[in-house]
1. Going through the stretch 282-327 one residue at a time, which ones are free of Cβ contacts under 8 Å to residues at least 12 places away in the same chain and within 19 Å of SER455 (Cβ to Cβ)?
2. Can you pull out the residues in the stretch 241-252 that are of a type outside the set (Val, Ile, Thr), open to solvent by less than 70 Å² (accessible area, probe 1.4 Å) and touching a residue at least 24 places away in the same chain (Cβ under 8 Å)?
3. Please verify whether GLY327 is out of contact with any Ser or Thr (no Cβ under 6 Å at 6 or more places or on another chain) and either under 30 Å from LEU32 (Cβ atoms) or open to solvent by 20 Å² or more (accessible area, probe 1.4 Å) (or both), treating the condition exactly as stated.
4. Please go through (1) under 15 Å from ARG384 (Cβ atoms); (2) in contact with a helix residue (DSSP H, G or I) (Cβ under 9 Å, 6 or more places away or on another chain); (3) not small (Gly, Ala, Ser) for ASP499 and return the number of the only condition it doesn't satisfy.
5. Could you name every one of the strands (runs of 3 or more DSSP E) located completely within the stretch 443-512 that has at least 2 residues being open to solvent by 20 Å² or more (accessible area, probe 1.4 Å)?
6. Quick one: GLU225 ticks every box in (1) among the acidic types (Asp, Glu); (2) within 20 Å of the chain's Cα centre (by Cα); (3) more than 18 Å from ASP45 (Cα to Cα) bar one, so which box is it?
Amino acid sequence: MTPTNRGAHAPGSRMTATALALLLALLAGCSLPPLAERAPSSALDLAAARQTTLGRAISPLAKARPGAAGLLPLADARDAFAARMLLAQAAERTLDVQYYIWRNDMTGTMLLEALHAAADRGVRVRLLLDDNGISGLDETLAALDAHPNIEVRLFNPFVIRRPKVLGYLFDFSRLNRRMHNKSFTADNQATIVGGRNVGDEYFGATDGVLFADLDVLAIGQIVGEVSSDFDRYWASPSAYPASQLLPPVSAARLEALARHSRAVEADPQAAAYVRAVREQPFIRDLAAGTLPLEWAPARMVSDDPAKAQGKSPPEALVTHQLTRIIGTPEKEVDLVSPYFVPGAEGTQAFAAMARQGVRLRILTNALEATDVPVVHSGYAKRRRALLEAGIRLYEMRSASRHSGSPEGRPLFGSSGSSLHAKTFGVDRKRAFIGSFNFDPRSANLNTELGFVIDSPELAGRIADAFDAAIPASAYEVVLGKDGKPRWLERSGGRVVEHDTEPGTTALGRLWIRFLSLLPIEPLL
């Protein structure tokens, strides 16, 4: 057959053959690479860690308070960014960094270049990222991974790199489970754990959605627990070397990252963040022993990484650990969760607690403020039952409807347009800060990490926020005389009552009602 004759085949036949070839290629490429050649590594030995500059500053403080952790809540977005940058700059031996989302934006670029700069001065960098949250970073991560002092691993990776969504067609049960943990640890001496991912919306650096969030900087024995937990995730069967998944790139790509970071830092939009890093005294005060830390007993809770494969025993889950550590609340629970989906069982458990005389107050996002409306549908269907049980519900307004900043030190939420903090206080004695949302996804699918802190001061600040700050930035949801929800908006000494969810449209509410009828609650 001549070339002309081959070209004369019907277009439909060619398209069918091409689609079939593509499908076969996708199916063939859906198997994960072997892990036999993965190099073992572990956290910096504590004896060596104590010889670093951070170690020499921290060791005397921790030794004077055995069994306690030194803690500094990071509610301000720029402080949270500066703390990470400064830890990266202060590290001398190791940086162990674990995140669910890392954006390819201004703050994400600056932090990646901070890791690169640390590696250039001899720091060993281990970067473990969930593969679902690194859009647009494959080439940059491949370049970083090629650095002799940097190793990048991708958790529960997509074999099909572009478009990743195709992976769900062939391996949904695995890819639906994600690593939601967040930690940033320098020299096994100081760590940051909490709700923030890495990206402009988490550090207050965008005109779009800004997340009101909460992290905690910690020193002391608990840092070793975080490092050990990082090691087990790093060595888990779900953590794959980036070199086995990402195509190699030119060494010039790293210099391109450095140039891009310099250009980003020179942009006027980045000036406040560059200044925050220069002016924030975290490391200087830590070295001088003057950082205003609260010392309190703290325990890490973390899911077994086998949860990502559906193989974790119940006793190894965060939900079990929280129940065991906290016990049964006696007087009050103040809970903050941006994605609150209690389900039927959770609603019954909260109602039973309320019947026993425990005061429950819950803050989540209003429909106008949430960034994931489908999750709101799982909460909305349980709202009336929670209210009928006597539970007080607050829904955070969008930033445009805040009534102003309350006096004092806001624990979270004074400037964000969408709530993202995950925290709760129990009986004004104990508090939790971490990545865990009260929803089926956090409980059953994703892996999570956080601290339970025996701190009346911190638990009291959460309770105080419900007394003052939260009513100024949230709607209180109550039942009207007809048994239907009403939204109370407090502003300027007045109370405005809404009989439908404020800031929403009839079509939007209808969509949420439709979603609430679907059997998707276990996935939310």
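1. Hits for the stretch 282-327 are ARG324, GLY327.
2. If the condition is that a residue be of a type outside the set (Val, Ile, Thr), open to solvent by less than 70 Å² (accessible area, probe 1.4 Å) and touching a residue at least 24 places away in the same chain (Cβ under 8 Å), then PRO241, ALA242, GLN244, LEU245, LEU246 are the ones that fit.
3. On the way: out of contact with any Ser or Thr (no Cβ under 6 Å at 6 or more places or on another chain): yes; either under 30 Å from LEU32 (Cβ atoms) or open to solvent by 20 Å² or more (accessible area, probe 1.4 Å) (or both): yes.
So GLY327 fits the description; yes.
4. (2)
5. Numbers: elements: 449-453, 474-479, 485-491, 494-498.
Where strands (runs of 3 or more DSSP E) fall fully within the stretch 443-512 and carry at least 2 residues being open to solvent by 20 Å² or more (accessible area, probe 1.4 Å), they are 474-479, 485-491, 494-498.
6. For GLU225, the exception is condition (3).
The values are calculated or read from the model by the stated rules, or taken from the named source; none is laboratory data. Remember, predicted model here, so these are calculated numbers, not experimental data. Here the Cβ is made from the backbone with ideal geometry for all residues, glycine too, and neighbour counts use every protein chain on show. Quick note on the areas: whole protein, heavy atoms, side chains included, nothing else; ligands and nucleic acids left out. Shrake-Rupley method; radii C 1.70, N 1.55, O 1.52, S 1.80 Å.
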